[in-house]
Amino acid sequence: MPTSPPASFVTHRNGQPATLQDLTPLAFAGYAHFTAMQVRDGRVRGLDLHLARLHAASIGMYGQALPDEQIVMALRAAIQAGPADVSLVATVYSPAGEFTVAGPEVQPELLVRTGPPATGPGGPLALAAIPHERMLPSVKHVGEVAKTYLLRAAAAQGFDDAAFVDRQGRLSEASIWNLAFWDGEAVVWPDAAMLTGTTMGIVQRQLDRMGVPQRVQAVTQESLRDLRGAVVMNSWTPGVAVHRIGAAALPAAPRFMELLHAAYGAEAPVSP
């Protein structure tokens, strides 16, 4: 008798299938952080970066962190319960919830969910330049109503998404993306407070191994005219072309795109 394929969506709490009783309190709580990844053939690129992100954010938010081994086991259980190719989000949360004071006796817990795989938009994209600075910019935390609000505000203006500009006039990141630029020879990363993405980390270390020059510098709307290309990147993709930020047009940069995708492809995926 033929068997049904695994469900596309899996939700586990602390490594076990989550119940309605488990999830109901979480529908009304938002003191949490997460990491998102694409799983292909049961494997993940940059697993070490995802684990480091969760550890650092947990220490910062809760003063303690779950062991990497526990997180890896939970990821493995969720991946094995679904198809070989999925999108996966691992969320670390405090069971004490929001608007409470919780001491070290309240240990963080882990929620893992999977869904259909994603690859992101085709591009090229036009980004509205919008003044915004995220709270705890180095943490990928939940409850960021501003991101969706500003995305929709950008779309209402005819743009595809929003790029954020800090109070010093520097571009930092986009709604759910990191920004990267090209000067014709080197990859330019913006100098501003932002979330360091796992795809960004993968690309940076592989570009180093490939001998591609990189630098960090302040990027303003005025300095965009000196650059030869721009992309956004996140867990979906190492590069979607950007052809406009605010009023500044940016040229196509096929060589830049090739380098970013080659760097990402050079990272060996691993099984949790």
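So that you can scan it fast, the table gives a plain yes or no per residue for (1) under 27 Å from Pro131 (Cβ atoms); (2) in contact with a helix residue (DSSP H, G or I) (Cβ under 8 Å, 6 or more places away or on another chain):
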residue	(1), (2)
Trp189	yes, yes
Gln206	no, yes
Leu227	yes, no
Ala248	yes, yes
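Is there any pair linking a residue in segment 188-214 that is farther than 21 Å from Ser138 by Cβ to one that is open to solvent by less than 20 Å² (accessible area, probe 1.4 Å), with Cβ under 6 Å and at least six apart or on different chains, and which?
Gln206/Ala263; Gln206/Glu267; Leu207/Ala263; Val212/Leu259; Pro213/Ala186
Do you know which residues across segment 219-251 are assigned to a loop (DSSP other than H, G, I, E, B) and either surrounded by 15 or more Cβ atoms within 10 Å (Cβ to Cβ) or at positive phi (or both)?
Val219, Gln221, Leu227, Arg228, Ser235, Trp236, Gly246, Leu250
Scan segment 58-72 and tell me whether some residue there is touching a helix residue (DSSP H, G or I) at 6+ places or on another chain (Cβ under 7 Å), in a helix (DSSP H, G or I) and open to solvent by 20 Å² or more (accessible area, probe 1.4 Å).
As a first pass, look at segment 58-72 and keep what is touching a helix residue (DSSP H, G or I) at 6+ places or on another chain (Cβ under 7 Å): 64-66, 68, 71.
Add one more test, that the residue is in a helix (DSSP H, G or I), and what stays is 68, 71.
Still in the list and also open to solvent by 20 Å² or more (accessible area, probe 1.4 Å): 68.
Yes, some residue in segment 58-72 is touching a helix residue (DSSP H, G or I) at 6+ places or on another chain (Cβ under 7 Å), in a helix (DSSP H, G or I) and open to solvent by 20 Å² or more (accessible area, probe 1.4 Å).
Anything in segment 24-57 that is modelled with pLDDT under 95 and open to solvent by 60 Å² or more (accessible area, probe 1.4 Å)? List them, or say none.
Result: Thr24, Pro25, Ala27, Phe28, Tyr31.
Scan segment 84-102 and give yes if some residue there is under 29 Å from Gly265 (Cα atoms) and in a helix (DSSP H, G or I), otherwise no.
First, pick out the residues of segment 84-102 that are under 29 Å from Gly265 (Cα atoms): 84-92.
Now narrow it down to the ones that are in a helix (DSSP H, G or I): none.
No - not one qualifying residue is present in segment 84-102.
If we scan segment 141-152, do we find a residue that is within 28 Å of His12 (Cβ to Cβ), in contact with a Gly (Cβ under 7 Å, 6 or more places away or on another chain) and surrounded by fewer than 17 Cβ atoms within 10 Å (Cβ to Cβ)? Let's see the steps before the verdict.
Let us first name the residues in segment 141-152 that are within 28 Å of His12 (Cβ to Cβ), namely 141-145, 147-148.
Among the residues that remain, those that are also in contact with a Gly (Cβ under 7 Å, 6 or more places away or on another chain) are: 142-143.
Now restrict to residues that are surrounded by fewer than 17 Cβ atoms within 10 Å (Cβ to Cβ): 142-143.
Yes, some residue in segment 141-152 is within 28 Å of His12 (Cβ to Cβ), in contact with a Gly (Cβ under 7 Å, 6 or more places away or on another chain) and surrounded by fewer than 17 Cβ atoms within 10 Å (Cβ to Cβ).
As an exercise: evaluate Leu179 against (1) buried (at least 20 other Cβ atoms within 10 Å of the Cβ); (2) aliphatic (A, V, I, L, M); (3) modelled with pLDDT under 95 and give the number of the one condition it does not meet.
(3)
Report every pair of residues separated by at least 6 positions or lying on different chains whose Cβ atoms are under 6 Å apart, first residue within segment 84-96 and among the β-branched types (Val, Ile, Thr), second not in a strand (DSSP E or B).
Val86/Pro117; Val92/Leu54; Val92/Ser58; Val92/Pro108
Just the residues that are surrounded by 15 or more Cβ atoms within 10 Å (Cβ to Cβ) and either among the basic types (Lys, Arg) or more than 26 Å from Val39 (Cα to Cα) (or both), please, taken from segment 252-272.
Answer for segment 252-272, where residues must be surrounded by 15 or more Cβ atoms within 10 Å (Cβ to Cβ) and either among the basic types (Lys, Arg) or more than 26 Å from Val39 (Cα to Cα) (or both): just Ala253.
The values are calculated or read from the model by the stated rules, or taken from the named source; none is laboratory data. Keep in mind it's a predicted model, so treat the numbers as computed, not measured. Every residue, glycine among them, receives a Cβ derived from its backbone with ideal geometry; neighbour counts consider all protein chains shown. Ligands, DNA and RNA are excluded from the accessible area calculation, which covers all protein heavy atoms including side chains. Shrake-Rupley method; radii C 1.70, N 1.55, O 1.52, S 1.80 Å.
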